[in-house]
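Worksheet for the structure shown next.
Computed from the coordinates by the stated procedures, all read-outs in this text should not be read as laboratory data. Fair warning: this is a prediction, and the values are worked out from it, not measured in the lab. Note: ideal-geometry Cβ built from the backbone for every residue, glycine included; neighbour counts use all protein chains shown.
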Amino acid sequence: MSGSAGGEPALLSAVRAGDTTRVQCLLRQGGDPGVLEDAFGLATRTYAGGLAQLLLRYGADPGRCDPDDLLPLRDAVAPGSPALADALLHPGNGRRYPAPELREMRDLARRLHDAGAEAELRRRTGSRDPVVRTRVQDDEYHGVGAFTLGATTVRDGHGAVLTRLEELLGVRTSFAELMGRAVAHDQDHAAWGTATLLLAGRRDQEVWTAAAALRRDADPSHRLFGAEVLRLTHLLDDRDEDVFGGPALELFTAWSAEEADPAVLTEVLTALGDHADPRADAALLPHAGHPDPRVRGAVARGLGSWSRSAASSADVRGVLLVLMTDVDPRVRRDACLTVARGGDRAPVLADAMAALLDDADRQVRLAAVQGLAQHDDGRCVAAARRLGPPHPASPDEEHALDAAWRYERRRDGR
């Protein structure tokens, strides 16, 4: 990270070039921590919100940056990139912005959200030419729409930015308003993710009741939003009493039997996979042959996923064996990883994973190597060598291949 490229640290050069893969590789190698803050400031000034978020995950401390080295908050809010705005609003940097400035930015975000990204783009450019619309990845998990005229681009993430600023100001935005911001977009949009996480984080009965009522809504996007809020509310509730555990299992078990929309059903089944209960497996099993691979993938991830020590039931084992031969590679991979993590050490499951060592998809082969290693099966060693080195920007590949290396050391007593 501290190596030079043309007199500049390599990490700064990679950020300046917008090379995410190179930045990831350099961060994983480690180096001079002092470069992180310089790189973070550069990422904000070049409007690279995703890179700024990546640098935060690797320890960049915005509080150590000189204010003049960072993009002004107004200039981060206006372009509509939630990743960029949130990087500057990171807790380590929050004290830089007094409440009056945050309120001013909230009002700006609301005005831009209400006007729409295209209207803001035309206001800035004064152009009536056709707008180019694309979808871009804003951070590691969420995308946004990008509206471009000439050299000017505005992203449509102002709703997510507004939600974040309201949260910082202690404003309790209503369930209905947050849902409205979310369902104006798809589930992968930053406005959706910000809203569901905020509501789930409240962990209260008011949110639970409002979300549960959406189960009967005629609009699938409303049902999907409700299901995700309910799933996250239970998942993120780390209190010992597990207040929402029983209600969630009961609700999602009944919901899974009646939901017709594949996207909503996928969310419901994903929620069932969060429960260490045979009733969850029983509700998942009927959907193993669903025509939509998203649904089958949710079954593959959720079945027996909490069985760490005991053999699976015959039904669960049989379905996992079938799903490891699914036509969709993502389903095969998910089923293989579920078997890898589970406590069932039946030889038939190891043989099924070994059959995937020659799969056409590299990610499936990696999952099979990882699974066999976790099952102490020596067939993983030669397969790992055939796969070669991991992709430099993929921790998942490195983790899978390291599992084979660790098995080999255990086997050889090293």
Cα gyration tensor category, rounded, prolate or oblate, for the stretch 81-194 with a/c compared to 1.5
prolate
So how strong a dipole does the chain carry about its Cα centre when Lys and Arg Cβ are +1 and Asp and Glu Cβ are -1, to the nearest 20 debye?
620
Compare the peptides 290-300, 226-236, 377-387, 125-135 by average per-residue count of other Cβ atoms within 10 angstrom and give them in order, highest first.
226-236, 290-300, 377-387, 125-135
Charge-dipole axis of the chain as Lys and Arg at +1 and Asp and Glu at -1 on Cβ define it, positive-most pick from 142, 383, 171
383
Two-site label geometry, residue 348 and residue 188: point separation in nm, points 7 Å out along Cα→Cβ:
3.7
Per-residue counts of other Cβ atoms within 10 Å, averaged by peptide: what ranking do you get for 364-373, 167-176, highest first?
364-373, 167-176
Please label the shape of the chain as rounded, prolate or oblate, based on the square roots a ≥ b ≥ c of the eigenvalues of the alpha-carbon gyration tensor (a/c under 1.5 means rounded; beyond that, a/b larger than b/c means prolate, else oblate).
oblate
If you find the alpha carbon centre of the stretch 213-273 and of the stretch 366-414, how far apart are they in angstrom?
36
Which of 316, 126, 293, positive extreme of dipole for the chain (C-beta unit charges):
126
Would you mind classifying the stretch 1-71 by shape? Square roots of the alpha carbon gyration tensor eigenvalues, ordered a ≥ b ≥ c; an a/c under 1.5 is rounded, otherwise it is prolate if a/b is larger than b/c and oblate if not.
rounded
Which residue, chosen from 371, 360, 194, occupies the Cα position most advanced towards the positive end of the dipole of the chain, where the dipole is computed from +1 (Lys, Arg) and -1 (Asp, Glu) charges on Cβ about the Cα centre?
360
At a 10 angstrom cut-off on C-beta neighbours, averaged per residue, how do the peptides 321-330, 184-193 rank from highest to lowest?
184-193, 321-330
CD proxy, 222 nm, the chain: helix-only mean residue ellipticity via -39,500 (n - 2.57) per DSSP H run with n ≥ 4, per residue, nearest 500, stands at -18000 deg cm²/dmol
Rounded to 10°, Cα long-axis angle of helix 158-168 versus longest principal axis of the chain
90
Pull up all non-local amide H partners of residue 90: gap of 5 or more, or a different chain, and H-to-H distance under 5 Å with H placed in the peptide plane.
none
If the chain between residue 21 and residue 128 were fully extended at 0.36 nm per residue, the gain over the current Cα-Cα distance would be 34.8 nm
Measure nothing fancy, just the Cα-based angle from helix 99-115's long axis to the longest principal axis of the chain, in degrees from 0 to 90, nearest 10.
80
What FRET efficiency do you get for residue 405 and residue 241 if R0 is 60 Å and r is their Cβ-Cβ distance, rounded to the nearest 0.05?
0.90
Rounded to the nearest 20 Debye, what is the dipole magnitude of the stretch 276-414 about its Cα centre when Lys and Arg each give +1 and Asp and Glu each give -1 at the C-beta?
280
Between the stretch 309-349 and the stretch 184-204, the Cα center-to-center distance that results, in Å
32
Going by how many other Cβ atoms sit within 10 Å of their own, how do 179, 105 line up, fewest first?
179, 105
Just grab the label-to-label distance for residue 325 and residue 217, each label 7 Å out from Cα along the Cβ direction, in nm (one decimal).
4.1
Could you derive backbone 3J(HN,Hα) for the stretch 391-400 from the dihedral phi with the Karplus parameters 6.51, -1.76 and 1.60 (θ = phi - 60°), listing whole Hz in sequence and x where the residue is Gly or Pro?
4, x, 9, 10, x, 5, 5, 4, 5, 5
Antiparallel as a % of all DSSP beta bridges within the chain, to the nearest 5?
90
Please give the helix 34-45 orientation as an angle from the longest Cα principal axis of the chain, in degrees from 0 to 90, rounded to the nearest 10.
60
